[in-house]
1. How big is the equivalent ellipsoid of the range 1-123 along its three axes, where each semi-axis is √(5λ) from the Cα gyration tensor, reported in whole Å from largest to smallest?
2. Only Cα pairs within less than 10 Å get springs; with that Gaussian network setup on the chain, which residue of 286, 102, 28 has the largest fluctuation?
3. Classify the range 136-204 as rounded, prolate or oblate from the Cα gyration tensor: take a ≥ b ≥ c as the square roots of its eigenvalues, call it rounded if a/c is under 1.5, otherwise prolate when a/b beats b/c and oblate if not.
4. Using a Cα-Cα cut-off of under 21 Å, which lysines could be cross-linked to residue 276, ignoring same-chain neighbours fewer than 8 residues away?
5. How big, in percent, is the set of alpha carbon pairs in the chain lying more than 32 Å apart?
6. Using only the Cα atoms of the range 80-128, build the gyration tensor, take square roots of its eigenvalues as a ≥ b ≥ c, and label the shape rounded, prolate or oblate: rounded if a/c is under 1.5, else prolate if a/b is larger than b/c, else oblate.
7. Across 10 Å bins from the origin, how do the percents of Cα pairs in the range 84-228 run, short distances first?
8. Which of the GluC sites (Glu not before Pro) found in the range 237-335 are in a DSSP loop and have at most 13 neighbouring Cβ atoms, other than their own, within 10 Å?
Amino acid sequence: MDPTPFQNVPQTVSTGALPGWQRVDDLVHEAHDRYSVENAGTVADYIPVLAEVDPDLFGIAVIDVAGGVHDVGDALHAFSIQSISKMFIYALAIQEHGHAHVRDIVGVNNTGLPFNSLMALELNGGHPMNPMVNAGAIATTALVPGTTASEKWDSIREGLSAFAGRQLDLDDEVYRSESDTNDRNRAMGRLLVSYGRLHDDPDDVVDIYTRQCALSVTAHDLAVMGATLADGGVNPVTGERVVSADVCRDTLAVVASTGLYERSGEWLFEIGLPAKSGVAGGIVAVSPGKGAAAAFSPRLDNAGNSVRAQLAIGHLSRSLGLNLFASVPTDEESA
Ligand code: GLN
């Protein structure tokens with residue numbers, strides 16, 4: 001990612017809470033104003049219905065761990081969660097089976113290849129390696145609680161709704177559009193079976209995966225979901241414990257190196273936060289102990305990450321002092 005968009009944004013370093021509410025709100029508005037003129041990228045069209053979206057939509061939401069809310073622009077516009085679901089499904093799977101079991105079955109490394117790569121599976125003897133791209137996510141979906149396909153779908157919908165603090169609904173149009181065109185993901189399901197990595201019916205698992213990707217969310221919802229991972233697994237808006245603090249730590253560690261597909265290294269280098277993107281244009285970034293920033297805008301770079309959402313979150317990471325790797329000597333900080 002090109003660092004020049006942040007050239008005039010001061011690099012703030014913070015190890016405590018977010019700045020006060022008004023300062024955060026000003027910075028969220030500033031990021032929205034600044035990047036709403038950016039028109040690079042193209043809208044995803046391999047899922048036909050996604051191509052019909054208004055490409056100029058742009059929303060940003062920040063939720064802190066005390067439940068403070070900042071919604072700007074199209075923060076309440078609904079879109080499909082797509083790959084961002086992978087982060088929360090992974091959390092539900094490790095909550096159910098434990099960190100080591102899921103690491104052995106699915107892995108925790110970046111494949112370095114596009115999210116829909118079949119070659120990544122072939123190169124690794126059928127081991128998906130990365131739960132944040134399609135093959136690994138399909139294997140992870142099979143691990144959520146439930147013995148039948150319908151029980152698994154219920155636990156996914158209820159689990160993601162608990163993260164969001166409200167009942168999430170399926171976008172039927174997106175689900176049907178992707179179901180009609182997802183031969184590649186079905187092939188991946190069968191390849192996983194052939195390598196002994198998937199033991200359920202692959203068409204059922206891919207169907208649940210397609211549904212999970214079609215859950216309808218807003219940038220505001222994504223920020224609440226991310227803030228739950230930032231708050232040791234307790235939803236800061238509803239007060240409900242959704243997953244354990246250990247699950248949050250493990251999920252964020254995996255997402256830090258995998259969340260933006262083959263651009264994950266560049267993202268971590270420039271922005272310094274675990275974040276997950278999806279092809280409908282959403283990105284959510286999590287700042288452990290502080291909160292989460294989410295943004296939505298449909299134009300994507302060629303890895304499938306929203307251009308404006310990357311810029312908006314990058315701006316907030318710098319200006320709010322969220323980069324996990326940034327520090328200054330303590331005598332300079334107090335001076
Ligand atoms: N449902 C999409 C797919 O399987 C999700 C991909 C994404 O958001 N990168 O292709």
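The values are calculated or read from the model by the stated rules, or taken from the named source; none is laboratory data. Everything numeric in this text was worked out from a predicted model, so none of it was measured. Note that we place each Cβ from the backbone using ideal geometry, even for glycine, and neighbour counts take in every protein chain shown. Protein only, heavy atoms only, side chains kept; ligands, DNA and RNA dropped before computing areas. Shrake-Rupley method; radii C 1.70, N 1.55, O 1.52, S 1.80 Å.
1. For the range 1-123, the ellipsoid semi-axes come out as 31, 23, 17 Å.
2. Highest fluctuation of the listed residues: 102.
3. Because a/c hits 1.5 or more and a/b fails to exceed b/c, the range 136-204 counts as oblate.
4. 86, 290
5. Values: 12382 of 55945 pairs.
For the chain, the share of Cα pairs beyond 32 Å comes to 22 percent.
6. Judged from the Cα gyration tensor, the range 80-128 comes out oblate (a/c at least 1.5, b/c at or above a/b).
7. Final binned percentages: 12, 44, 36, 8, 0.
8. When the GluC sites (Glu not before Pro) of the range 237-335 are filtered for loop state and at most 13 Cβ neighbours within 10 Å, 240 remain.
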